[in-house]
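All of the numbers you see were taken from the coordinates with simple rules; none came from a lab. Computed from a predicted structure; not experimentally measured. Neighbour counts run over all protein chains shown; Cβ positions are idealised from the backbone, glycine included.
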Protein chains: 2
Amino acid sequence: MEPVRLKRDRVVLDTSLFVNPVVRSDFGNTPTEAIESFLSLAVQIPTLEFYMPSSIFKELLNFIEPEKISGDLLTILHQKSPRKHELTCPAFLLYELIEDIRERINKGLRVAEKAVRSVQRGDEKEVIQGLRRNYRDALREGIIDSKEDVDLILLAKELNALLITVDYGAIKWAEKLGIRWLLPNKFKDYLLSSIKRAKLQQVDVS
Amino acid sequence: MEPVRLKRDRVVLDTSLFVNPVVRSDFGNTPTEAIESFLSLAVQIPTLEFYMPSSIFKELLNFIEPEKISGDLLTILHQKSPRKHELTCPAFLLYELIEDIRERINKGLRVAEKAVRSVQRGDEKEVIQGLRRNYRDALREGIIDSKEDVDLILLAKELNALLITVDYGAIKWAEKLGIRWLLPNKFKDYLLSSIKRAKLQQVDVS
């Protein structure tokens with residue numbers, strides 16, 4: 001008789017879950033601790049598969065002590081890039097992206113003009129520092145602005161997975177594309193509930 | 001007996017063909033003249049269908065005297081938006097767009113910093129004017145930066161048409177998407193050759 005397969009769901013993780021001190025507090029005091037604590041829960045949930053885009057995993061490696069992390073990481077958190085040459089996105093998203101960029105570019109120019117006008121009154125070095133901060137805020141906030149963000153979104157789309165991220169730009173796109181998402185501060189509850197449900201399913205099966 | 005149908009090809013036109021003085025010189029001294037001259041050629045080519053995205057046509061109306069233009073415009077130059085909610089684009093283009101934007105955003109910041117540093121030496125008003133010019137050059141050149149540009153590209157893709165444009169950003173995307181394109185300064189020759197070929201086809205058919 002064939003073994004009964006459990007219904008499996010997929011989850012795509014962003015690094016913020018382990019790296020951002022506010023976000024990871026549910027899991028541990030350091031990124032390394034947070035991963036260990038995640039693994040100890042994840043290993044109890046045969047009904048879930050966890051994924052992280054390779055590019056994001058590479059970022060994560062800068063924050064952790066790999067020698068302290070259990071080999072379970074390799075079998076529990078799958079590293080995988082999205083199939084970017086096979087996937088497509090709806091064309092109307094291009095319009096939204098282009099509009100978004102236009103607005104931000106105009107904002108950036110206003111920030112720059114303000115900086116030029118304030119030089120007479122302030123120290124040039126300080127003005128430049130302020131310019132850099134304000135400019136980045138104006139142009140980067142809320143937009144998908146890196147290849148890693150695109151990887152996250154596309155991998156979640158490809159796998160029809162739940163996306164765990166705190167990145168506002170990624171969440172906005174997840175909403176546009178009908179991708180399920182969850183803030184990391186709810187993720188521990190999600191895992192605990194999944195453990196409970198997985199046990200019930202196993203009882204049912206046996 | 002059914003009438004024999006000629007093989008038809010499609011062409012999507014940008015406004016620059018009629019509006020840009022350098023580009024339109026083949027066709028006439030004013031936008032209105034250029035359109036009339038285009039129509040007089042186009043009407044002789046039953047093998048070609050001409051299209052313009054509605055958004056681009058709306059732009060064109062700002063430059064022409066509609067009352068001086070023949071009603072042939074309505075049957076020869078079709079206005080049509082792309083099916084933006086049905087079309088898709090390959091996901092790898094998102095990566096290229098995001099990378100392109102990142103580079104341009106960084107360029108914009110360097111332009112702004114340079115302006116702040118030059119205020120001590122120059123007149124504030126002049127510095128601001130220079131900033132605006134340089135900033136726009138840095139952020140807009142070579143990128144698809146308007147809904148109208150996206151309309152052009154997507155309509156050409158949808159219709160599998162030849163795109164006539166001088167816009168560098170649109171040409172770059174046409175290359176990525178495998179869309180045929182032609183610079184407007186070759187377009188008159190293209191029309192004249194098409195007239196010749198259409199006549200030969202008609203002789204063959206009869």
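At-a-glance table
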read-out	value
Cα pair distances exceeding 43 angstrom across the protein assembly as shown, given as percent	34
B:Lys196 paired with A:Leu182, simple spin-label distance in nm, labels 7 Å along Cα-to-beta-carbon	6.9
Per residue, the convex hull volume that the Cα atoms of chain A enclose (Å³)	154
Residue mean of other protein chain beta carbons inside 10 Å, A:25-32	0
Protection proxy ranking of A:30-37, B:90-97, A:146-153 - average other beta-carbon atoms within 10 Å, highest first	A:146-153, A:30-37, B:90-97
For chain B, calculated [θ]222 nm from helices alone, where every DSSP H run of n ≥ 4 adds -39500 (n - 2.57)	-18000 deg cm²/dmol
Kirkwood-Stokes translational diffusion coefficient of the range B:91-140, alpha-carbon pairs, 10 °C, 1.306 mPa s, µm²/s	135
Kirkwood Rh, Cα atoms: Rg over Rh of the range A:59-120	1.28
With Cα atoms, 0 to 90° folded angle of helix B:124-140 axis to chain B main axis	50
Estimated inter-spin distance, A:Asn62 and B:Tyr168, nm [label 7 Å along Cα→Cβ]	3.2
Relative contact order (percent, whole number), the range A:52-148, Cα cutoff 8 Å, 6+ residue spacing	31
Cα radius of gyration and Dmax for the range A:137-206 (Å)	15.5, 57
Mean separation of Cα contacts under 8 Å, 6 or more apart, over the residue count of chain B: relative contact order %	28
Cα pair count fraction exceeding 15 Å, expressed as % - the range A:1-100	70
Residues whose placed amide H lies under 5 Å from that of A:Thr88, excluding near-sequence neighbours	B:Ala91
Degrees between helix A:147-159 axis and first principal axis of chain A (Cα, 0 to 90, nearest 10)	30
Number of partner chain Cβ atoms within 10 Å, mean per residue of B:76-88	2
Cα long-axis angle, helix B:92-118 against chain B (0 to 90 degrees, to the nearest 10)	40
Copies compared at A:Ser118 - label distances in nm, ascending, label defined 7 Å from Cα in the Cβ direction	2.1
Using a 7 Å Cα-to-Cβ projection, B:Glu103 label spacings across copies, nm, ascending	2.6
Distance (nanometres) between label positions extended 7 Å along Cα→Cβ at B:Arg132 and A:Glu86	5.1
Antiparallel %, DSSP beta bridges [both residues in the protein assembly as shown], to 5	10
Inter-chain Cβ neighbour average for residues B:128-138, partner chain, 10 Å	2
